[in-house]
Ligand SMILES: Nc1nc2c(ncn2[C@@H]2O[C@H](COP(=O)(O)OP(=O)(O)OP(=O)(O)O)[C@@H](O)[C@H]2O)c(=O)[nH]1
Ligand SMILES: [Mg+2]
């Protein structure tokens, strides 16, 4: 018989879901990384929102609204009968930054894809995750024709802490993407350990 | 081309709104309006005037898994509700319901909430307040990824 107290209801059949965020600038390879490791073809979901223009004065309030959509793509990896991992790419457009809040909520950590042709496009992702104390790794995607920066050069340019892993990757290669995720989750475990003993 | 020399201190998101954004290449749609455009907020009207899911709405995160209750009441339901119940015979995440049924998240949350209230769907018990995945979950995730 169903009980009103949800704590006592059996929920064994429903796995635990966790998520990893794949961030980076426009065209950095986010969708490619998600596809290369996902067990399903990446799915896309849309969030509707209203774009509000605010008046200059306090009494102005919301004056105008335009509905717009933001697409999120994601993939899935079934870890066990008990655990399912979702990988969410961040929206390519900066103006959807507020979607990042929702994405980051409860996330295990983040992969920041750094495109060496335009490293600056991932600066705000680094800032965002640093500020929220969400563990992240930097995966350097090497595109054809891009300067081959060393790990140290990228680390210096991004000004990330020495504990943050910076790894070379090719998001198109499943094994390479897998290694990036292994780096991230290992880093999350280390960070957790450090936080507990610190 | 040289590597940028660091991120600097001012970040685009300090102000929380109206940030200048990063110059991006590529054919993105321009920001509606101009630099005075405000933040983006959720719509107020959707699904028969409701945008707020019912009482269970707070539990519907992107990755909340929902599953159809096997011995649910036999009664007439809206086609959208029926479609969700068919899709969720096995646990499915909120994001996946939205993607597979091609219904925006905002709307899917309202529909899922209806079904939760009716007892047609159930979710995993709410996560503890800490929200951080436990160590044994992380270890299992790491092992699982290594097996890929
Ligand atoms: N050489 C190289 N090309 C890559 C790599 N990763 C992605 N690409 C290519 O870069 C292009 C953009 O990749 P996407 O995965 O669509 O990038 P994205 O970050 O999802 O882009 P937006 O969602 O539009 O911001 C595609 O043509 C990919 O094939 C990589 O590691 N190396
Ligand atoms: Mg993409």
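Read-outs: derived from the displayed coordinates by stated rules, not from any lab. Source: prediction; values computed, not measured. Glycine gets a Cβ as well: all are built from the backbone with ideal geometry, and neighbour counts include every protein chain shown.
Extending each Cα 7 Å along its Cβ direction at residue A:69 and residue A:105, get the distance between those two points in nm, one decimal.
2.2
Residues in segment A:139-158 near a label at residue A:173, defined as backbone nitrogen under 15 Å from the 7 Å Cα→Cβ point?
Only A:139-144 pass the distance filter.
So what are segment A:14-197's ellipsoid semi-axes, whole angstrom, largest first, if each one is the square root of 5 times an eigenvalue of the alpha-carbon gyration tensor?
28, 21, 18
Order by neighbour count: B:137, B:110, A:84, A:111, fewest other Cβ atoms within 10 Å first, most last.
So the ranking, lowest neighbour count to highest, is B:137, B:110, A:84, A:111.
Per residue of A:15-25, what is the mean number of Cβ atoms on other protein chains within 10 angstrom of that residue's Cβ?
4
Please sort A:156-165, A:174-183 by packing, taking for each peptide the average over its residues of neighbouring beta carbons within 10 angstrom, highest first.
A:174-183, A:156-165
Fewest to most neighbouring Cβ within 10 Å: what's the order for A:40, A:20, A:14, B:145?
A:40, A:14, B:145, A:20
Would you give the gap between the C-alpha center of segment A:157-186 and the C-alpha center of segment A:67-85, rounded to a whole Å?
Value for the Cα centre distance between the two parts: 20 Å.
Please compute the modelled spin-label separation between residue A:186 and residue A:130, points set 7 Å along Cα→Cβ, answer in nm with one decimal.
Once both label points are built, they end up 2.4 nm from each other.
Please report A:30, B:135 as a ranked list, fewest other C-beta atoms within 10 angstrom at the top and most at the bottom.
Placing the least packed residue first, the sequence is B:135, A:30.
Take the Cα of residue B:147, step 7 Å along the line toward its Cβ, and report every residue of segment A:168-188 whose backbone nitrogen sits under 18 Å from that point.
Residues A:175, A:178-179, A:181-183, A:185-186 qualify, since their backbone N sits under 18 Å from the label point.
Return the average number of partner chain Cβ atoms within 10 angstrom of each residue Cβ along peptide B:112-123.
1
Looking only at other chains, what is the average number of their beta-carbon atoms within 10 angstrom of each beta-carbon in A:117-129?
Other-chain Cβ atoms within 10 Å of each residue's Cβ, averaged: 4.
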